[in-house]
Every structure is written in C-alpha cells, then in structure tokens.
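Worksheet: the structure to be examined is printed underneath.
The values are calculated or read from the model by the stated rules, or taken from the named source; none is laboratory data. All values derive from a computational prediction rather than experimental measurement. Backbone-built Cβ (ideal geometry, glycine too); neighbour counts: all protein chains shown. Protein only, heavy atoms only, side chains kept; ligands, DNA and RNA dropped before computing areas. Shrake-Rupley method; radii C 1.70, N 1.55, O 1.52, S 1.80 Å.
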Amino acid sequence: MNTITLTDNLEKITSIDLGTSSPRLSGTINLVDIPNLVSLSGVGNDIEELLFSSKGFENLIMHDNKLSGLANKYIPLDAITISLDDNRLTSISSLSSYPNLQILKLAKNKLTGPFPSLNNNTALEDIRINGNSLTGPLPSLNNNTALSIFKLGSNSMSGSLPSLTANTELITFEGFSNSFTGYIPDLSFNTKLKGFFISGNSMSGPLSSLDNNTALVNYVVSENDFTGPIPSLDNNTAIVKLEVKNNDLTTFEGSTMPVSLLTFKANNNSLTEGAVNAILAATVAGGGINGTLYLGGNTDPLRTNAAPTGQGITDKATLIASGWDVQTN
C-alpha cells in the first residue's frame, strides 16, 4: 500500500488523470497541497483514500476503486461532477451544501439508510444510485427541474413515487426492484421521457396515460399489482418495448401498435377475451415484423389471460407468418 504525494510545480496543476494502472494503484492519494486542482480521474484502480482541498475542486471521476465510508467525504463543496460507482461507500448524508452539483453517480456501492433531500440541488441533471441498499421514501424532485436521468433501481426504497410534473427534462427514470407502493405519478408533463422502468415493486392502481409521451422508447412496469387497462400506444410512434407482465390488467385501450414496437409482454395478467383479440388486431394493423408478443401465461390461477377467439386466432397466425413470436393461452 502506497501514499502518493505530488510535489513539483503544484500551482500549475489543474487536472490529473491517474489512468488505469497495471498493477492497479492502491493506498492513499494526497492532493491537499495542489491549490488550483479542478479535476481528478483515476478509474479502475484500488485506491482506498483521497485527501484533497474541498474548495475549488469540481470534478471527481473515481469509479471502480476501493473508496469506503461516507460518500460526502469525496464530494467537494464546489463539486459539479462526482462519479464514484463501484466503490465501497456505505452512507450518504445531507447534499444541501452542493448547489453546483450536476452529476452524481454512486451506483453499485454499499450505501444504506435514506437518500437525502435534493431540495437545494437545483442544478442536478443526472443521478445514479442504483445497486445499493438504500431504504425509506424517495425525496421530492420538485426543485430538480434540470433532472434528465434518475436511476435508483435495485435498492430497498419504499413509499410512493414523488410527483414528476416539474421534471420536464426527464429522459430516463429507473426505480425497478424496490418496495415502492401507490400509483404511477402523472407522466403527461414528461414529454421528453424515453425510458420508464419500475418493475418488481408493489405498486397498484391504473397505469397512467401515455398519450403525451411521444418520445417514449421503453416502458417496463412488470411484476406489480396494476389494474385496469393497458394504455393506448396510438401516439407512441417511437416505442420499442412495452412490458406489463405479471400484473392484474384486464383491457386494452389502443387501436393500433406503432410499427416501431418490437416487444409487447402482457403475459400473466387478467386480460379478457376482447382485450386479447384487440391487442392481436392492433399489432396486425401496426404492420410491424419480427417482434415478440406474449399474451399467455397461467402461473397464477387468479391472473390468467383469456385465449383468442375468431378473428383473434386468424390475427395470431398472420403475425406468426410475419416473423412474430406470439404466445397466447
């Protein structure tokens, strides 16, 4: 284990890239006496400790190392970009002292406890805290109007999702594999949204309308307790994947499927005969080829889709002839 201290021409140094070394750098990096340092990168090493002046230091890119303990220890007061994925960080406290923070990446650490308030972090654009063990509710995002990417999948967070109406720049929202409950919030203001992923929770109620989400590419809300109709996709001309399997959905509101749609998984629901036939007809009308359409499944006797009948059987054959993988009961 080594302690690396830089000593020559310190006032001229504004940026340091330690690179990925072989053998990997380890131990402590001491940057305290570098007065004008703005950025440090040292991806793919075994660095266990960083010592630096907290003021003036803006960008820290140190994912895939062995930094541990409190995450705030590695967030300078003037931070703009913090990338600390794949370390050994165990906790995070208040973020109110970092008003300039735009990018915060803490995925695949060992974080526990609640995620702190983001009310003072109005510059935030990209947050990635997926793959930890965070608990408690998700804080309000009302002040985070610049937010475009929010990834918090694979944690242990609970409570309902906050309102997203103020987050009009939102492109990706990931909250899968948590313990969220309640309804999906209104998404009608999120017109730039491309990906919405909340599978593997305990959410319920109806699925929200997707009529305004014309940029949507992926909509994945499987393994919850949603009821009511599968929303229309008539306006979603960019959508590639819709997965609503393992819920308790019963009907379908659309009339046609976009030709862009390649994956539609609604197996293990409670779709009526009319809904199954309508989905098959809409997919034929969409004109797509070589896709995946799953409407079968009977793993839960209380959530079993009906089998197609009449024209639905004919439409299923038409899709198979067009290269579709179609599964029905």
**Study point:** J(HN,Hα) series, the range 86-97, from Karplus relation 6.51 cos²θ - 1.76 cosθ + 1.60, nearest Hz, glycine and proline x
**Key:** 6, 10, 10, 5, 10, 7, 9, 10, 3, 10, 5, 8
Point to revise | FRET efficiency for T214 and L70, using Cβ-Cβ distance with R0 set to 45 Å, rounded to 0.05 | key: 0.60
Exercise for review: Please list, in chain and number order, the residues 5+ apart from M157 or on another chain whose amide H is under 5 Å from its amide H, with Hs placed from the backbone.
Suggested key: S179
Point to revise | In nm, spacing of pseudo-spin labels at D78 and A123 (7 Å Cα→C-beta vector) | key: 1.0 nm
Point to revise | Cα centre as origin, Lys/Arg/Asp/Glu Cβ charges: the chain dipole, Debye | key: 260 debye
Check your understanding: What figure in square angstrom, to the nearest 10, would you give for the accessible area of R24 with a 1.4 Å probe?
Key -> 100 Å²
Review point. What number, in percent, do you get for the relative contact order of the chain if the mean sequence gap of Cα pairs under 8 Å and at least 6 apart is divided by its residue count?
Key: 7 percent
Point to revise | Candidates N201, N290, N236: whichever shows maximal mean-square fluctuation once the chain is modelled as a Gaussian network with Cα springs under 10 Å | key: N290
**Study point:** Choice from V32, V259, V244 with maximal GNM fluctuation in the chain (Cα, 10 Å cutoff)
**Key:** V32
Review point. Just from its helices, what would the mean residue ellipticity at 222 nm be for the chain, if runs of 4 or more DSSP H residues each count -39500 (n - 2.57) and the sum is divided by every residue, rounded to the nearest 500 deg cm²/dmol?
Key: -2500 deg cm²/dmol
Review point. Helix 311-321 versus the longest principal axis of the chain: what is the Cα-based angle in degrees, 0 to 90, to the nearest 10?
Key: 50 degrees
Practice item. Identify, among I129, Y98, S208, the residue whose Cα sits farthest towards the positive end of the charge dipole of the chain, taking +1 on the Cβ of Lys and Arg and -1 on the Cβ of Asp and Glu, with the dipole about the Cα centre. Key: I129
Study note, to complete from the structure: Phi-derived 3J(HN,Hα) across the range 277-289 with the Karplus relation (6.51, -1.76, 1.60, θ = phi - 60°), rounded Hz, x for Gly and Pro, is 4, 5, 5, 4, 5, 5, 5, 4, 5, x, x, x, 10
